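Notes to accompany the following structure.
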Amino acid sequence: MFPVRDDEPKYAFLQDKTSREKNAHGKFIELVEKSNPLRGQSLNINGDASVSDNPNRYKQHGFHFTADNCIACHACEAACSEKNDNPPHLAFRSVGYVEGGTYPAYTRMNISMACNHCDDPVCLKGCPTRAYTKFAEYGAVLQDPDICFGCGYCTWVCPYNAPQLDPIKGEVSKCNMCVDRLEVGLKPACVSACLGGALEFGVIENIPANREQAKLDIPGFPTPDITHPNIRFQQRKTLPREMARTDSMPLKYHRNDKKGGRYESVVDEKKINRRREWNLPKLLGSHENAHIAFTLSAQTVIGAFMMLMFAPLAGFGGVAAVKAQGFAPLMATLFVLLAIGMFKLNMHLGKPHRFYRGFNNWRLSPVSREIAGVSLFFGGMTGYGVLNVAHDYLGWGFLPALASLAASAAVVGGLFGFYYMYKLYRIKARPYWNHWQTASSFVGTALYLGASLIAVIGILVLGVDAAQELLRQMGLLIALGLLLEGVGLIAHASDLKADGGEGAASHAEQVSRYGKPYLLRNLLLGANLVAALFITALGLPGAVIWLGLILLLSLLVMSIIGRALFFVLVIPTTMPGAFFWRNRGFEEHARETGLANLPQVGVVPEGH
């Protein structure tokens with residue numbers, strides 16, 4: 001337990017005497033019925049088996065933040081980091097701010113934010129290792145870094161920057177609500193350290209002394225509809241109609257009087273350079289390159305394998321010819337491609353040797369389901385290939401039946417894994433991904449890259465003249481894949497601009513900061529579609545085989561640029577940072593100038 005000092009000030013103790021039955025989202029504040037036999041169990045904090053006598057132990061607790069009182073002294077940050085022994089580049093609680101107005105009536109509003117221990121914690125549902133648990137005690141959402149294998153998915157889905165990925169340790173950690181202090185009746189360290197009386201803590205919906213409001217949001221706070229966070233706000237001072245972020249995110253917040261004066265995120269045109277640029281080092285040097293390699297290779301292999309299984313049944317004689325004459329080299333190529341993609345993804349983990357923990361949360365996490373599905377596909381596909389080749393050499397009669405079972409497992413695993421590969425990107429906190437175009441892009445990739453792979457193997461095995469039927473059929477599938485992706489991209493751009501907010505900001509960066517790669521991808525898509533239709537209609541005689549080679553290279557370049565844009569452009573619905581803290585622009589500057597090498601600057605080291 002946390003030791004209580006003899007001179008502990010009165011304001012540091014929990015003071016809730018009463019509470020409501022339900023919170024603002026209609027959830028019961030009492031988390032466990034009084035008759036439940038699980039009540040009274042110890043949390044075994046630091047091996048201490050004692051149990052708190054706090055009468056509110058099984059009620060949902062939360063923070064109350066009075067924005068008018070916060071002076072951005074960062075005492076809450078310091079107290080939190082000291083208690084949790086955090087390195088300089090991590091902070092479970094951080095202070096950002098938004099500004100508005102004009103001189104001399106210039107207004108700044110500070111925001112102190114940590115984990116909100118939500119009613120619907122998306123981090124818990126998303127984590128593939130089951131490192132998160134929502135406890136009945138105080139409603140705390142706790143995370144065990146020892147279970148975490150460092151995939152970072154929880155940092156994607158959380159709208160509040162709560163989970164912190166440490167690339168040095170290769171694991172995530174976050175605010176634990178200071179449950180050791182709560183067990184002895186003390187408020188969290190950040191609340192006790194607050195100099196301006198901005199932070200308070202207690203049973204949720206209880207308005208602290210000398211406060212009048214318990215609002216669900218303030219300017220800069222993402223919509224509470226995503227997770228139903230357990231934090232309430234007071235903000236009574238008049239703010240300008242528009243409040244801007246001081247970090248490099250191209251966003252500002254505009255008051256919508258038609259919606260009760262709620263501030264909504266809109267694009268900040270002052271931070272958008274409308275000049276088209278390349279920015280290739282940032283585009284192709286992303287931390288998510290492992291995801292680019294995995295998604296492209298997995299979609300290519302799954303697409304090619306499904307064509308191999310089902311295209312002959314649909315009358316695609318060219319695929320049947322490749323299956324008959326080039327089965328071994330085709331299956332070997334599929335195996336190597338997917339093995340490379342899976343290896344790249346695994347080595348991207350903070351703790352690659354703990355990869356097996358990715359199956360732990362298959363009941364809730366789309367990541368676990370994707371891992372399970374792709375693993376089943378990989379095993380089934382490998383078994384199908386090996387058993388068929390073994391039958392050709394050994395002639396054992398029972399091998400084809402086993403190969404059929406392996407193929408069935410691969411089909412089921414491939415469809416299951418592919419679906420959840422798409423579902424894991426439908427994240428409400430990342431509007432750029434949360435669109436059906438993600439599915440059209442993934443399916444389109446599977447069609448045009450999968451068909452291209454079969455076409456290449458077909459030419460090598462059958463020869464150019466004998467592969468004409470195959471090339472026309474694959475040209476049709478390539479054209480369908482490109483058309484599907486093109487339609488999705490058009491709808492995506494239109495919807496992003498119409499919906500506004502972070503999605504519109506992503507689109508603004510797409511046509512400016514990465515405008516030239518974006519334009520190149522679109523031009524290549526159109527040119528590739530024309531070339532694929534040409535091949536569908538006329539085939540690919542030996543005299544113009546160069547056209548097929550150009551198409552293949554063009555498809556690869558287009559798909560890599562498109563997938564890199566997919567990862568680098570996403571702007572999450574996160575809390576605003578400060579000028580030197582939680583600021584992507586400053587972090588880039590610090591790395592370019594060497595400031596990032598100074599630990600006190602607090603820039604997260606590159607490594608994941």
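The values are calculated or read from the model by the stated rules, or taken from the named source; none is laboratory data. Everything quoted here is computed from the prediction, not taken from an experiment. Neighbour counts run over all protein chains shown; Cβ positions are idealised from the backbone, glycine included.
Having 3 or more residues that are farther than 30 Å from residue 49 by Cα is the bar; report the helices (runs of 4 or more DSSP H) wholly within segment 151-262 that clear it. Walk me through it before giving the result.
Values: elements: 153-157, 179-182, 189-193.
By residue number, 153-157.
Give segment 91-105 a look and list any residue that's more than 19 Å from residue 251 (Cβ to Cβ) and surrounded by fewer than 19 Cβ atoms within 10 Å (Cβ to Cβ), or say none.
Pass one, segment 91-105, residues more than 19 Å from residue 251 (Cβ to Cβ): 91-93, 102-105.
If the condition is that a residue be more than 19 Å from residue 251 (Cβ to Cβ) and surrounded by fewer than 19 Cβ atoms within 10 Å (Cβ to Cβ), then 102, 103, 104, 105 are the ones that fit.
Is it fair to say residue 124 is without any contact (Cβ under 8 Å) to a residue 60 or more places away in the chain, surrounded by fewer than 24 Cβ atoms within 10 Å (Cβ to Cβ) and either assigned to a loop (DSSP other than H, G, I, E, B) or not charged (D, E, K, R) (or both)?
Working: without any contact (Cβ under 8 Å) to a residue 60 or more places away in the chain: no; surrounded by fewer than 24 Cβ atoms within 10 Å (Cβ to Cβ): yes; either assigned to a loop (DSSP other than H, G, I, E, B) or not charged (D, E, K, R) (or both): yes.
Spelling it out, it is not the case that residue 124 is without any contact (Cβ under 8 Å) to a residue 60 or more places away in the chain, surrounded by fewer than 24 Cβ atoms within 10 Å (Cβ to Cβ) and either assigned to a loop (DSSP other than H, G, I, E, B) or not charged (D, E, K, R) (or both).
Return the total of residues in segment 530-565 being in a helix (DSSP H, G or I), loosely packed, with under 14 Cβ neighbours inside 10 Å and not aliphatic (A, V, I, L, M).
2
Restricting to segment 472-501, count the residues that are within 17 Å of residue 445 (Cβ to Cβ), among the charged types (D, E, K, R) and surrounded by fewer than 18 Cβ atoms within 10 Å (Cβ to Cβ).
Qualifying residue count for the region: 0.
Take the residues in segment 568-608 that are crowded, with 19+ Cβ neighbours inside 10 Å and assigned to a helix (DSSP H, G or I), then tell me which one is farthest from the chain's Cα centre (by Cα).
Step by step, filter segment 568-608, then rank; the result is 596.
Would you confirm whether or not segment 458-466 contains a residue that is in contact with a Gly (Cβ under 8 Å, 6 or more places away or on another chain), on the phi < 0 side of the Ramachandran plot, at pLDDT below 95 and acidic (Asp, Glu)? Before you say what the answer is, go through the steps one by one.
Taking segment 458-466 as the starting set, the residues that turn out to be in contact with a Gly (Cβ under 8 Å, 6 or more places away or on another chain) are 458-462, 464-465.
Okay, now just the ones that are also on the phi < 0 side of the Ramachandran plot, so 458-462, 464-465.
This time we only want the ones that are at pLDDT below 95, so: 458-462, 464-465.
Restricting the remaining residues to those that are acidic (Asp, Glu) gives 465.
Checked against the condition, which is being in contact with a Gly (Cβ under 8 Å, 6 or more places away or on another chain), on the phi < 0 side of the Ramachandran plot, at pLDDT below 95 and acidic (Asp, Glu), segment 458-466 yields at least one hit.
Select from segment 417-453 the residues that are part of a helix (DSSP H, G or I) and of a type in the set (Val, Ile, Thr) and list them in ascending order. Show your work before the answer.
Keep residues of segment 417-453 that are part of a helix (DSSP H, G or I), which gives 417-423, 437-453.
Once the filter is applied, which keeps residues that are part of a helix (DSSP H, G or I) and of a type in the set (Val, Ile, Thr), segment 417-453 yields 438, 443, 445.
Here's the yes/no breakdown for (1) in contact (Cβ under 8 Å) with a residue 12 or more places away in the chain; (2) within 15 Å of residue 70 (Cα to Cα); (3) out of contact with any helix residue (DSSP H, G or I) (no Cβ under 6 Å at 6 or more places or on another chain):
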site: 191; (1), (2), (3): yes, yes, yes
site: 196; (1), (2), (3): yes, yes, no
site: 208; (1), (2), (3): yes, no, yes
site: 213; (1), (2), (3): yes, no, yes
site: 234; (1), (2), (3): yes, yes, yes
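Checking residue 71 against (1) within 29 Å of residue 604 (Cα to Cα); (2) free of Cβ contacts under 8 Å to residues at least 40 places away in the same chain; (3) more than 28 Å from the chain's Cα centre (by Cα), which test does it fail?
(2)
For segment 274-309, name all the residues that are assigned to a loop (DSSP other than H, G, I, E, B) and either buried (at least 20 other Cβ atoms within 10 Å of the Cβ) or out of contact with any Lys or Arg (no Cβ under 7 Å at 6 or more places or on another chain) (or both). Break it down into steps so the answer makes sense when it comes.
Just the residues of segment 274-309 that are assigned to a loop (DSSP other than H, G, I, E, B), to begin with: 274-279, 285-288.
Within segment 274-309, 274, 275, 285, 286, 287, 288 meet the criteria.
Kindly check whether there is at least one residue in segment 352-369 that is among the aliphatic types (A, V, I, L, M), crowded, with 16+ Cβ neighbours inside 10 Å and under 20 Å from residue 445 (Cβ atoms).
Yes, because at least one residue in segment 352-369 is among the aliphatic types (A, V, I, L, M), crowded, with 16+ Cβ neighbours inside 10 Å and under 20 Å from residue 445 (Cβ atoms).
Pick out the one residue from 76, 115 that is buried (at least 24 other Cβ atoms within 10 Å of the Cβ), within 24 Å of the chain's Cα centre (by Cα), at pLDDT 95 or above and not assigned by TED's automatic domain parsing to the domain that holds residue 420. It would help to see each step written out before you state the result.
Values: 76 fails: within 24 Å of the chain's Cα centre (by Cα).
Of the residues listed, the single one that is buried (at least 24 other Cβ atoms within 10 Å of the Cβ), within 24 Å of the chain's Cα centre (by Cα), at pLDDT 95 or above and not assigned by TED's automatic domain parsing to the domain that holds residue 420 is 115.
Among the listed residues 410, 372, 451, which satisfies the condition of being within 31 Å of the chain's Cα centre (by Cα) and within 23 Å of residue 125 (Cα to Cα)? Even if it seems obvious, please write down each step before you answer.
Working: 410 fails: within 23 Å of residue 125 (Cα to Cα); 451 fails: within 23 Å of residue 125 (Cα to Cα).
Unique residue meeting the criteria: 372.
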